[in-house]
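Student: One structure, as structure tokens, below. Some questions next.
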């Protein structure tokens, strides 16, 4: 009986660690880049929020926007081709509304996901990157402070 308790605790801890392995996060520069690329496509952000995120992503901090900005996406799936090297596409879902794009914009999101630590997966001539439950928070005051903070993202890798 005494042996079973430590074994069951060890198995529980191992399973808990395995289930959290799919969660991911990004902070600082990578988080700002991910939020910036996704925000440009979001139908849920106000024009003022989009303008502020774009300005921060462009290196400008002298903007009047002061509230925290949340960039949320339910799901992101990007695909590039390693056989058809011209194939690049992404589909982003914002609160049930899907936005699709190809080419340079898709490549930009794909590369930014990679920079933020999102793992890729390949099959049959395609390489996929995807996340679900993306939640980024930008704090303009902290970003303006230029101390490396003010941008955080969390996500679940894969779909």
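The values are calculated or read from the model by the stated rules, or taken from the named source; none is laboratory data. Because the structure is predicted, anything quoted here is derived from the model rather than measured. As a convention, Cβ positions derive from the backbone with ideal geometry for all residues, glycine included, and neighbour counts pool all protein chains shown.
Student: So residue 151 passes all but one of these: (1) at positive phi; (2) at pLDDT 95 or above. Which condition number does it fail?
Tutor: The one condition residue 151 does not meet is (1).
Student: On to the next question. Could you list all residues from the range 116-151 that are in a strand (DSSP E or B) and closer than 14 Å to residue 57 by Cα?
Tutor: 136, 137, 138, 151
Student: Now for a different question. For the range 126-159, which positions are over 15 Å from the mean Cα position of the chain (by Cα) and under 19 Å from residue 111 (Cβ atoms)?
Tutor: Within the range 126-159, 126, 127 qualify.
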